[in-house]
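Structure record follows, encoded as structure tokens.
Rule-based calculations on the coordinates, nothing more; no lab input. Remember, it's a predicted structure, so these values are computed and weren't measured experimentally. We place every Cβ from the backbone using ideal geometry, glycine too, and count neighbours over all the protein chains shown.
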Amino acid sequence: MNDSGVVAVRDFLKDRDLDAFLISDKEDQFYVANYSGDDGFVVVSADEIFIVTDARFFSQIKAECPDCVIVDVAKSSLADFLAEKFSKVAIESGSLLTKDYLTLVDKGLATVDGDLVVKKARMFKSAAEIELLQKGASICDQVFDHIGDFMKVGQSELAVADEIERFGKSLGAEKLSFDTIVASGVRSAFPHGGASSKIIETGDVVTLDFGFVVDGYFSDITRTVVMGEASEEVKKVYGLVQKAEGMGIRFAPMVETFGDLDRVVRGFINDTEYGPFIHGTGHGLGLVCHDYPIIRTSNNDQLEANIVFTVEPGLYLENKFGVRIEDDVYKDEAGNMIRLTNSTTDLIEIK
Ligand SMILES: [Mn+2]
């Protein structure tokens with residue numbers, strides 16, 4: 001149960017003169033009601049929190065959120081329950097299925113979109129949440145340190161990915177943040193080249209992008225290494241990406257919005273001979289890996305304290321190689337940038 005989620009939802013109800021907030025996003029449900037069941041809906045009114053689900057989850061609800069009121073979906077459908085008690089309801093357009101939405105419309109319920117209400121509350125991390133994010137990020141650093149010793153020419157990308165997973169779990173991670181990316185040689189120019197059976201060869205540039213979940217909170221790191229000696233071109237491109245990433249972290253306390261931060265990093269890369277920069281500068285980190293906010297030019301959210309996010313510029317030269325560097329960071333109350341991941345960003349040549 002996170003008070004800031006409940007407060008944000010109830011403020012929205014009050015501001016918009018609504019009766020209830022229907023939460024369909026799983027992480028939002030966990031954040032607001034501490035409900036971790038993988039089926040059902042959370043409904044927040046001015047003074048109660050209901051969970052509409054089936055009997056598989058009743059004992060779990062009693063353990064996780066004993067103050068919530070259980071609504072048995074076998075006796076009353078979501079739409080029947082809402083229509084009986086409420087007339088104007090906030091919904092989450094990003095996660096409510098169209099078929100469920102249509103049942104609400106059928107019952108004559110008025111709906112207002114509140115898709116980002118809980119996600120914007122979730123952006124701001126408490127000290128306890130930052131501690132969990134830090135644990136995952138520290139595992140990333142230890143795994144990167146280990147994998148540099150482990151990697152050898154002749155291994156497959158999958159073997160390296162397996163070792164990343166095994167070592168991270170041995171350090172206390174509960175699961176991977178996403179399928180590990182180990183992309184070598186020309187495959188490193190695929191921004192999201194999942195590990196394959198390709199054998200890593202001498203001279204290959206290798207992008208390693210991985211992360212671990214600790215108590216539900218995600219981490220995410222990318223480093224690019226070279227097997228053997230880096231060519232002059234690789235060194236040049238690497239240096240530009242390293243500079244762009246460092247700028248992103250250094251400028252974060254000086255800009256107003258996440259869109260501004262994207263413009264700084266994007267502008268720098270686009271002005272090099274290897275531009276344009278083809279993806280977002282980064283993303284929020286929290287109960288999911290690509291959490292709100294996505295850092296792109298169109299984002300106007302203020303870059304405030306205690307929002308944990310990634311900075312991850314990259315350059316991709318088709319049929320040659322790619323370089324990406326990514327760290328997890330946040331701005332503290334004093335305006336200093338705090339790095340959660342601390343592995344060196346200097347180019348590592350594995351010999
Ligand atoms: Mn990322």
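Points worth noting:
- Dividing the mean sequence gap of close Cα pairs (under 8 Å, 6+ apart) by how many residues the stretch 3-122 holds gives a relative contact order of 28 percent.
- Between the stretch 158-213 and the stretch 218-249, the alpha-carbon centres lie 16 Å apart.
- Loop-located GluC sites (Glu not before Pro) across the stretch 194-243 with a Cβ neighbour count of 14 or fewer within 10 Å are Glu201, Glu229, with loop assigned by DSSP.
- Alpha-carbon centroids, the stretch 313-340 and the stretch 77-115: separation in whole Å: 40 Å
- Whether the chain is rounded, prolate or oblate, judged on the alpha carbon gyration tensor where a/c under 1.5 counts as rounded: prolate
- Sum of -39500 (n - 2.57) over DSSP H runs of 4+, divided by residues of the chain (222 nm, nearest 500): -11000 deg cm²/dmol
- Considering only the chain, percent of DSSP beta bridges that pair antiparallel, nearest 5: 75 percent
- Projected label distance in nm at Ser87 and Glu349, using a 7 Å step from Cα toward the beta-carbon: 7.5 nm
- Taking the average, over residues, of other Cβ atoms within 10 Å as the packing measure, peptides 131-141, 13-23 rank 131-141, 13-23 from highest down.
- 15 Å reach of a label modelled at Glu131, 7 Å along Cα-to-Cβ, counting backbone N of the stretch 193-236: 214-217
- Considering only alpha-carbon pairs that sit under 8 angstrom and 6 or more positions apart, the relative contact order computed for the chain is 15 percent.
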